[in-house]
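Below you'll find the structure, written out as structure tokens, and then a few comments.
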Amino acid sequence: MRTEEPVHVSNDDGVRDRAARRAVTVFPILVLAAGALGLLLPGGFTGWGGAVPYLLGVVMFCMGVTMTPQDFRGVARRPWAVALGLGAHYVIMPSLGWAIAHLLQLPPQLAAGVILVGCAPSGTASNVVTYLARGDVALSVSVATVSTLAAPLVTPPLTLLLAGAYLPVDAGSMVTDILKTVLLPVLAGLAVRLLAGRWVERALPALPWLSAVTIGVIVTVVVAGSADAIKSAALLVLVAVVLHNGLGLALGYGAGRLAGLGEPGSRAMSFEVGMQNSGLAASLAAAHFSPLAALPAAVFSVWHNVSGALAAAWLSRRGR
């Protein structure tokens, strides 16, 4: 049995840890407040639906700006582990979405929305939560990066396969939308980071908050578009989301343990599988299905950050 040396935390690590905890704590509160605003004042956001794809583009641009060549070198160093994470993410969460929709006998719009959440790439907060849980952050970043870049090729056909029985799915149009709202903004952000790294470094502390506020606006618009339906479907959607996220976290962790990734790698797998890019799911659902179909993604946006923060706190204490 290998004995590890005590870990000494530097002052910089402490500052980073406090900043990460603050972000993970504030973000769910911000999103919850945004959802309440959309529910209480739906008329104030009439006609805002067309802005959702552009708002998502802002979030993905911020993600691209935070990327570095080191992220891609991490993929090259451990391709088998990244491939495992990618496979687990795009098998476990879509399958769970389909199974939960059947188990709860969800109406077609909600069923399609839950499945679409499952078919989305990893969530943008999964890296921070993995860090708080003392997981393998390098693996988490690599899996999140690859799952996001693979989304145009994976999300539409999976949605067609699993949600096509509930609602018509235009997979070709969905590919185009993901390219425009995810891949191009991410690549643009990466290009800006490479070309203007010195200036970008100064702005990096503000980017997570810009993303958080933008996601909050997306949630407000989505909730406002289905405010009437929320009153009758909220409890059912919450049950579906809690099951989807909770089982995803557990099965992701189990997949890591079965693959021999060790405790830090398994923690990373848990969050990379269980946390979704619900902003993308909300945007696609609103554009291709209906505002009601975007409701599971809006609820997921709040819940997976709450559950992720709680799971990270528990795992961190257990790690000590």
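The values are calculated or read from the model by the stated rules, or taken from the named source; none is laboratory data. Model, not experiment: these values are computed from the prediction. Note that we place each Cβ from the backbone using ideal geometry, even for glycine, and neighbour counts take in every protein chain shown. Side chains are part of the model used for accessible areas, which takes the heavy atoms of the whole protein and leaves out ligands, DNA and RNA. Shrake-Rupley method; radii C 1.70, N 1.55, O 1.52, S 1.80 Å.
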Between residues in the stretch 300-320 that are farther than 16 Å from Leu243 by Cα and residues that are crowded, with 24+ Cβ neighbours inside 10 Å and of a type in the set (Gly, Ala, Ser), which pairs lie under 6 Å by C-beta distance while being six or more apart or on different chains? Ala312/Ala133; Leu315/Ala133; Ser316/Ala133
Do we have Ala125 as without any contact (Cβ under 8 Å) to a residue 24 or more places away in the chain and farther than 20 Å from Ala229 by Cα here? no
Residue in the stretch 49-59 that is open to solvent by 20 Å² or more (accessible area, probe 1.4 Å), modelled with pLDDT under 85, farther than 22 Å from Gly189 by Cβ and not acidic (Asp, Glu) present: yes
Got a number for residues in the stretch 204-220 being farther than 15 Å from Val26 by Cβ and without any contact (Cβ under 8 Å) to a residue 40 or more places away in the chain? 0
Only one of these conditions is not met by Thr159: (1) open to solvent by less than 10 Å² (accessible area, probe 1.4 Å); (2) within 24 Å of Val128 (Cβ to Cβ); (3) of a type in the set (Ser, Thr, Tyr). Which number is it? (2)
Being among the small types (Gly, Ala, Ser) and either surrounded by 21 or more Cβ atoms within 10 Å (Cβ to Cβ) or over 24 Å from Ala111 (Cβ atoms) (or both) is the filter here, so list the residues in the stretch 210-256 that pass it. Ser211, Ala212, Gly216, Ala224, Gly225, Ser226, Ala240, Gly248, Gly252, Gly254, Ala255, Gly256
When the stretch 30-47 is checked residue by residue, the ones that are modelled with pLDDT under 80 and more than 17 Å from Ser301 (Cα to Cα) are Thr46, Gly47
Scan the stretch 26-48 for residues that are surrounded by 19 or more Cβ atoms within 10 Å (Cβ to Cβ) and among the small types (Gly, Ala, Ser) and report the count. 3
Residue check, Asp136 charged (D, E, K, R), open to solvent by less than 60 Å² (accessible area, probe 1.4 Å), in contact with a Ser or Thr (Cβ under 9 Å, 6 or more places away or on another chain) and at pLDDT below 85: no
If we keep only residues of the stretch 252-268 that are more than 19 Å from Ser316 (Cα to Cα) and in contact (Cβ under 8 Å) with a residue 40 or more places away in the chain, then the residue farthest from the chain's Cα centre (by Cα) is Ala259
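Can you name every one of the helices (runs of 4 or more DSSP H) wholly within the stretch 34-136 that holds 1 or more residues which are of a type in the set (Ser, Thr, Tyr)?
Details: elements: 52-65, 69-77, 79-103, 108-119, 126-132.
Of the helices (runs of 4 or more DSSP H) lying wholly inside the stretch 34-136, those with at least 1 residues that are of a type in the set (Ser, Thr, Tyr) span 52-65, 79-103, 126-132.
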